[in-house]
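Note sheet for the following structure.
The values are calculated or read from the model by the stated rules, or taken from the named source; none is laboratory data. The model shown is predicted, which means the values in this text are computed figures rather than measured ones. In this analysis, Cβ positions are derived from the backbone assuming ideal geometry, glycine residues included, and neighbour counts consider all displayed protein chains. The area values use the complete protein model at the heavy-atom level, side chains included, leaving out ligands, DNA and RNA. Shrake-Rupley method; radii C 1.70, N 1.55, O 1.52, S 1.80 Å.
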Amino acid sequence: MLKQFLNLKLSQKLSPQQIQLMKLIQLPTQAFEQRLLEEMNENPALEAGKEEDEYEKDEFENEDYDDYDDSESDRIEAEDINIDEYLSNDETPDYKTQANNYSDDDEDRETPFAAPVSFHQDLINQLNTFILNDEEREIAEFLVGSIDDMGYIRRSVPDMVDDMAFTQGIYTDEKMVEKMLQVIHELEPSGVGARDLQECLLLQLKHKTPTEYVELATDIIENQFDAFTKKHYDKLLQKYNVSNEQLKKAIHEIEKLNPKPGGSFTGNNKVTENVVPDFAIRIVDGELELTLNGRNAPSLHVSKDYQEMMQTYKDSRDKSAQQKDAVQFIKQKLDSAKWFIDAIRQRQETLFVTMNAIMHYQEEYFLDGDETKLKPMILKDIADMVGLDISTISRVANSKYVETPYGTKLIKEFFSEAMKNDQGEDVSTLEIKKILQNTIEEEDKKKPLPDDQLAEILKEKGYPIARRTIAKYREQLDIPVARMRKKM
């Protein structure tokens, strides 16, 4: 039996301009500056700074240049307008598009710095201090290339032997690779090139000056690694027949080691983000004051030269086909410049009204910095206040930072779901997490509190939440289980 159904679907498609605006809103300050520079390099009709002459009436703005006459009768000879002169402006030198768009009172100045040597290049440079033949150097450099950003080689020796043969044409054996690994293990930072955490710690201990406690720590990592990672200190005391103080000092030697030797390298390939606050909140005479970073509000204008070219063409009685092609290029650049300037204004307004609403919603917190005063707040709360889409609020919250009297914060950290306390009142999950964190910080580290006991303590404090919720919040706070928090 054949059935027919009528399915009505309402869909909304964003225009390319709307999509571009959403992307601009999402960009934090530094990325926005880069996007601005790219746009100015691509569009010579867009210029930085304020126009030299202020006109009471912008004649170009009021002209409808979309409707220029295409008729054959409007043609004039190409030499009446020098096409080459303005087409060459597409290659505007960089110095003409660079300007200081920061406000005079902008405190965030960036200091130029030398490009750092990458982590892997530093290791290669160190290899140059070793006397190696061509075969050994090729293998050693391949091994350096196999080290991840944390400083580990997480591949088996047989796999690397096969990979070198198939991809590099380097034919060797496992014995030679093991020999070159010993060379890699002599490089700095100590522990680099290890296959696992145990080997990483052992390499670092073997580079330390031998003492009673270093030797005990080495033995523990080499022969009792499982007991150490599980913090079975009673077993270690019994195994080595040492005092509690001796074991404590040996454990302290291990805790001083770096489990991620590559991660601490300042020239690591992994870019360390230099956070530039997009907003600043200050308390002035007991009132909150919000400012948008001046670097988000550059002074831009449409090129006067390009406007004059368009006007010259419009004033011409005749238009040649060559001139029409050229003027189409100018028109496209002018349209793009005007749209971009308008989009930046919209971006500024969107950022400011969104952060302003968040600031007033969380006024109690911003006035004294007490995280337990953060109110439950979801994206819809702010979207309803400012009349914008939830997706727009999300773009602002997920990528922007605000400088407060209590430190620079990622805006999305102020959002949280609501939970009921024992009085039936809505409280923020952020408030509960803060109380959980404080409870764990105050616990006896010799007898850390398991999750079920933490749940009981929070219940006594007026927050009846389940043990599994405690576990979830603890993981979100990057706090290990009770057994791993135990100290000697």
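Assorted remarks:
- D478 accessible area, 1.4 Å probe, all protein chains in place, Å² to nearest 10: 130
- Using R0 = 51 Å, the C-beta based FRET efficiency linking K380 and S156 works out to 0.50.
- Expressed in units of 2.2 N^0.38 Å, where N is the residue count, the Cα radius of gyration of the stretch 389-454 is 1.49.
- Most tightly packed first, judged by the mean number of other beta-carbon atoms within 10 Å of their residues, the peptides 412-424, 181-193 read 181-193, 412-424.
- Share of carbon and sulfur in the accessible area of the stretch 184-223 stands at 47%, probe radius 1.4 Å.
- Compared with the alpha-carbon gap, the fully stretched path from Q224 to H207 is longer by 4.1 nm at 0.36 nm per residue.
- Label-point gap, in nm, between Q348 and Q17 - each point 7 angstrom along Cα→Cβ: 1.9
- Pairs with C-alpha atoms separated by more than 22 Å, drawn from the list K459/K486; K230/K461; K412/K445; K208/K447; K409/K434; K239/K486, are K459/K486; K230/K461; K412/K445; K208/K447.
- Surface composition of the stretch 292-411: carbon and sulfur make up 45 percent of the accessible area, probe 1.4 Å.
- The label point for E287 and the one for K248, both projected 7 Å from the Cα toward the Cβ, are 5.6 nm apart.
- Carbon plus sulfur fraction of accessible area for the stretch 444-484, probe 1.4 Å, in percent: 47
- With all pairs of different C-alpha atoms in the average, the Kirkwood value for the hydrodynamic radius of the stretch 152-276 is 16.7 Å.
- Residues L132 and I479, FRET efficiency given R0 of 60 Å [Cβ-Cβ distance, rounded to 0.05]: 0.85
- Accessible surface, the stretch 353-437, averaged per residue in Å² (probe 1.4 Å): 46
- Pair Q34, K338: separation of 7 Å Cα→Cβ label points (nm): 3.1
- Most tightly packed first, judged by the mean number of other beta-carbon atoms within 10 Å of their residues, the peptides 120-131, 287-298 read 287-298, 120-131.
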